Amino acid sequence: MTDKQRLKREKAEVRVAHQSNAGPVPEKKRMMSVRLADIDWSGCAAVYGRPYRDRVIHLLALRDYKEPELLARLQRDGVRQKDKDSLGRILQEVADLNVKDNSFSLKEHLFQSLQTDWPGYSKTDRANLKLILSRKTAPSQNPTSSRLATSPGPSERDAPARPAQ
């Protein structure tokens, strides 16, 4: 037997041995596979065409992000290099930095300009945003409620009216 024939035979044995050792694919792996045809690309395309600043604002409206997390999330929908380079500047304009955990949260005044029908939002995101917005508007409608709840004494409403002197 020549060296070439022996080498071919060894390769074939290794391939066969490798295939026989490989068990069935675990169930979890099969369930995680996604066909490209099953992905709803319309939302991604619609978001990609929107201004980068708006995309950042609408993501920060849902939750606080650290800069690398936010960039990774933006890249899932597609991001241009010039936009990627401007993320720091945009965050300075639209977000407040929490120095404890180095995360960014949307500035309060920008919640008023959000689009609840943003194409990048899922049904869950829209429901969460609705809840967030209701919490943001509820305290401003009754600003004394928290003060009254923590006040140990009677409020002015409970005290009898004093005659004007």
Pairing a residue in region 41-67 that is surrounded by fewer than 15 Cβ atoms within 10 Å (Cβ to Cβ) and of a type in the set (Phe, Trp, Tyr) with any residue that is modelled with pLDDT under 95 and part of a helix (DSSP H, G or I), where Cβ atoms lie under 9 Å and the two sit 6 or more apart in sequence or on different chains, gives none
In region 89-133, anything part of a strand (DSSP E or B) and surrounded by fewer than 16 Cβ atoms within 10 Å (Cβ to Cβ) is listed as Asp96, Leu97, Asn98, Ser105
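Could you identify the single residue in Thr116, Thr124, Thr137 that is of a type in the set (Val, Ile, Thr) and under 12 Å from the mean Cα position of the chain (by Cα)? Even if it seems obvious, please write down each step before you answer.
Numbers: Thr116 fails: under 12 Å from the mean Cα position of the chain (by Cα); Thr137 fails: under 12 Å from the mean Cα position of the chain (by Cα).
Checking each option against the conditions leaves just Thr124.
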Result of the Cβ filter at 9 Å on region 86-97, keeping first residues that are free of Cβ contacts under 8 Å to residues at least 24 places away in the same chain and partners that are assigned to a helix (DSSP H, G or I) and surrounded by 13 or more Cβ atoms within 10 Å (Cβ to Cβ), at least 6 apart or interchain, is Gly88/Glu67; Leu97/Leu91
Within region 81-88, identify whether any single residue is exposed (fewer than 12 other Cβ atoms within 10 Å of the Cβ) and either of a type in the set (D, E, K, R) or touching a Gly at 6+ places or on another chain (Cβ under 9 Å) (or both), and answer yes or no. yes
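The values are calculated or read from the model by the stated rules, or taken from the named source; none is laboratory data. Since we're looking at a predicted model, the values are computed, not measured. FYI the Cβ positions are ideal-geometry reconstructions off the backbone, even for glycines, and counts take in every protein chain you see.
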